[in-house]
């Protein structure tokens, strides 16, 4: 089932209640998300993106997932 | 040989390995294409593993790194990141530093050219 940018944003919002979140994309498969969260300050990029993937709860998982392509930008607030 | 053993063997016997969809000469996904393109342009010698050719590796690499997406870049056995991370590290110069620290040869001028073009 295709997923919407709004659903992605909702999942991310649950995982990162205080983050600044932007999700773009409307073709049901390709999205770009930016998450700016204070918890990223002491994490490297791999750790930051892992926690974002965790918030998406398996939606990225290949053939079982709804989400084919998500370009991710993560950072701590400057 | 299990997928995990096979992956471990690949990333420890090759300095730079890219797990990707397709091959470095014929990528089959935009994200894989971008990372392979960066490495090719920088003149980095790397092994490419086409996950589309082996379902066990395709799932195995995700379990190995605890990372749900492909491409995945490994340098000296360490997982470096996926497409977005490699792109950021390329543009910030961190990828140059990583290669230098690990004695991986690359064309510094080419790397600077990519940055100039994306400035």
Only bridges with both residues in the protein assembly as shown count here: give the DSSP antiparallel percent, nearest 5.
55
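Taking every DSSP beta bridge that has both residues in segment B:1-101, what percent is antiparallel when rounded to the nearest 5? Before the final figure, lay out each step's value.
Values: 8 of 12 bridges.
About 65 percent, rounded to the nearest 5.
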Can you check how the C-alpha radius of gyration of the protein assembly as shown compares to 2.2 N^0.38 Å, as a plain ratio?
1.02
What distance in nm separates the simple spin-label points at residue A:78 and residue A:18, each placed 7 Å from Cα in the Cβ direction?
2.1
Quick one: if you stick a label point 7 Å off each Cα along the C-beta vector at residue A:47 and residue B:53, how many nm between them?
3.6
The exposure ranking of B:25, B:65, B:92, fewest beta-carbon neighbours within 10 Å first, is B:25, B:92, B:65
Provide a whole-number value for the mean count of partner chain Cβ atoms within 10 Å of the Cβ atoms in peptide B:79-89.
4
Could you give the angle, 0 to 90 degrees to the nearest 10, between helix B:55-65's Cα long axis and the longest principal axis of the Cα atoms of chain B?
60
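Going by the alpha-carbon gyration tensor, a ≥ b ≥ c the square roots of its eigenvalues, is chain A rounded (a/c under 1.5) or, if a/c is not under 1.5, prolate (a/b greater than b/c) versus oblate? Spell out each step's value before the answer.
Details: a/c = 2.03, a/b = 1.65, b/c = 1.23.
It comes out prolate by the Cα gyration axes.
Which shape class applies to chain B: rounded if a/c is under 1.5, otherwise prolate when a/b exceeds b/c and oblate if not, where a ≥ b ≥ c are the square roots of the Cα gyration tensor eigenvalues?
Values: a/c = 2.01, a/b = 1.59, b/c = 1.26.
Prolate.
Using only the Cα atoms of segment B:74-119, build the gyration tensor, take square roots of its eigenvalues as a ≥ b ≥ c, and label the shape rounded, prolate or oblate: rounded if a/c is under 1.5, else prolate if a/b is larger than b/c, else oblate. Please list the in-between numbers first.
Details: a/c = 2.74, a/b = 1.33, b/c = 2.06.
Taking the square roots of the gyration eigenvalues as a ≥ b ≥ c, segment B:74-119 is oblate.
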As I understand it, the value is the acute angle between the Cα axis of helix A:5-15 and the longest principal axis of the Cα atoms of chain A; what does it come to in degrees, rounded to 10?
40
Angle between the Cα long axis of helix B:108-117 and the longest principal axis of chain B, 0 to 90 degrees, nearest 10?
80
The exposure ranking of B:19, A:40, fewest beta-carbon neighbours within 10 Å first, is A:40, B:19
Relative contact order of chain B, please, whole-number percent, based on alpha carbon pairs below 8 angstrom and at least 6 residues apart.
30
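With an 8 Å cut-off on Cα pairs and a minimum separation of 6 or more residues, tell me the relative contact order of chain A in percent. Please list the in-between numbers first.
Values: 122 pairs, mean separation 27.4, N = 78.
Dividing the mean separation by the residue count of chain A yields 35 percent.
Only the coordinates and a few stated rules stand behind these numbers; no lab work does. Source: prediction; values computed, not measured. With ideal geometry, Cβ positions are generated from the backbone for all residues, glycine too; neighbour counts draw on all protein chains shown.
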